[in-house]
Amino acid sequence: MQVYLVGGAVRDEQLGIPHRERDWCVVGASPAELEAEGYERVGKDFPVFLHPETKEEYALARTERKTAPGYHGFDFDCSPDVSIEEDLQRRDLTINALAKDADGTIIDPWGGLADIENRVLRHVSDAFVEDPVRILRLARFAARFSHLGFTIAGETLSLMHRMIADGEVDALVPDRVWKETELALAGSNARVYFEVLRSCGALRVLFPEVDALFGVPQPERWHPEIDTGLHVMMVLDQAEQLSDDVEVRFAALTHDLGKGTTPQHDLPSHPGHEIRGCKLIRRISERLPIPKACRDLALLVAEYHTHCHRVLELRPRTILKVLEKSDAFRRPGRFEQFLTACEADARGRTGLENRRYAQAGYLRGAFAAAAAIDAGAIAKETEDRKIPAAIQRARKRAIAEFKAGNQVPP
């Protein structure tokens, strides 16, 4: 039995990047032998075991054979005769097809070290086309390593195009689409993930609502970048700078979806895009397992981001409506998420990336004024059925007083 450190841990060592977890590959052993040594079996599709002490994952070396479309259509051979080189051949990218033995020797049968040196993301073999999840993973790696200068090999991009044309992406399980997308949104340079999907044609299949934004014009006065798709990518960049929150970043991605359905005769303006965008967010959420918190914040930002931008023009009752819709009085954290996404939208424009977003501070001030009223005292002096309306009137008065003394954003 031989044990090798494999995959991401070896790759990250070569890149000088700290790695949080290690994966191991076992050659020349059977499941019974590992279980006899105290390893706990956890894999369903193929034998994966947890080390009895470290709890790290140990997988038997295996080969794969495609038997049906999609992610699950594979047969596996995990016999003791499978070599480490054969196991590495089934991996997606050459930079992930590396192993290190107990003596520290790197096993690199597919040119991964050279591709790390040259900053290239390249498929190991034509078997890449057999697993559509690899398109998502490659897009995610492109985003993760874009700051190091990695680019996708031309022949790999060609394979991805072929997979789209063959309909392999249509067989992707919704759970995997969202999981990879969520990981991309949680990481750095998430815009690269979506740009790679667009470059190979996968974006129009997986996220047609986002793909439809590219090439749609906006008024140059408000959007010097003009292209709506480019604007959304810039907003995503700003959201990354402002927050690590996936919910905020998803809201940034989807806040302008309605502009992709604006009638031609209205362009470059987009009247009503807020409500149309909400319908598209619901459509995505029906298609993919978007967490409720992500969906709800995205809907809030899509419908009310323009209210936030124009807060100085709004009447007290409209400001209160925004506060109530964002659930600011019960969930101030969600209100802050809303403001952050709106700020990302305001700054996601060419030449305006570093501008101060005073509207957020102004809306916070209006909220503080409304929240300061003594709801308990009002309740004691009011009939039960009239309490909500009385509190609402008091909050509107407080907002009006705030506006009277704060004509210029603080």
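No lab work stands behind these numbers, since they all come straight from the coordinates. No experiment lies behind these values; they were computed from the predicted model shown. A quick note on method: Cβ atoms are made from the backbone with ideal geometry, for glycine too, and the neighbour counts reach across all protein chains shown.
Applying 0.36 nm per residue to the separation of GLN89 and GLU13 and subtracting their alpha-carbon distance, the gain on full extension is 25.3 nm.
Distance between the pseudo-spin-label points of GLU155 and GLU313 (7 Å out from Cα toward the beta carbon): 5.7 nm. FRET efficiency for the pair LYS386 and ALA358, taken as 1/(1 + (r/R0)^6) with r the Cβ-Cβ distance and R0 = 41 Å, rounds to 0.65. Checking Cβ-Cβ separations below 4.7 Å across the chain identifies CYS25, CYS78, CYS200, CYS278, CYS294 as cysteines lacking any candidate disulfide partner.
Across the alpha-carbon set of region 221-323, the Rg to Rh ratio works out to 0.97, Rh being the Kirkwood radius.
Extension gain, LEU148-ARG221: 0.36 nm per intervening residue step, less the Cα-Cα distance, totals 22.8 nm.
Quick one: compute the contact order of the chain, relative version, from alpha carbon pairs under 8 angstrom and 6+ residues apart, as a percent.
Relative CO of the chain lands at 10 percent.
Projected label points at ALA186 and ARG119, each 7 Å from Cα along the beta carbon direction, are separated by 2.7 nanometres.
Annotation: for a label point projected 7 angstrom from Cα along Cα→Cβ of ALA293, residues of region 156-199 with backbone N closer than 16 Å are 182-183, 185-187. Geometric descriptor of region 1-111, per residue, is 115 Å³ (volume of the convex hull of the Cα atoms).
Which FRET efficiency value, to the nearest 0.05, do you get for ASP374 and GLU40 by plugging their Cβ-Cβ distance into 1/(1 + (r/R0)^6) with R0 = 45 Å? It comes to 0.15. Give me the net charge for the shell around ALA32: Cβ to Cβ below 15 angstrom, other residues only, Lys and Arg +1, Asp and Glu -1. Once positives and negatives cancel, what remains is -3. How much net charge surrounds GLY260 when only other residues with a Cβ under 9 Å from its Cβ are counted (Lys, Arg +1; Asp, Glu -1)? Neighbour charge sum, excluding GLY260 itself: -1.
If a spin label sat at a point 7 angstrom from the Cα of THR350 along the line to its beta carbon, the backbone N atoms of region 180-216 nearer than 14 Å would be those of 215-216. Among residues other than ARG176 with Cβ under 12 Å from its Cβ, the summed charge is 0 (Lys and Arg +1, Asp and Glu -1). Note on GLN264 and THR105: their simple-model spin labels are 6.7 nm apart, each label 7 Å out from Cα toward Cβ. Placing +1 on the Cβ of every Lys and Arg and -1 on the Cβ of every Asp and Glu, with no other charges, gives the chain a dipole of roughly 3040 debye about its Cα centre.
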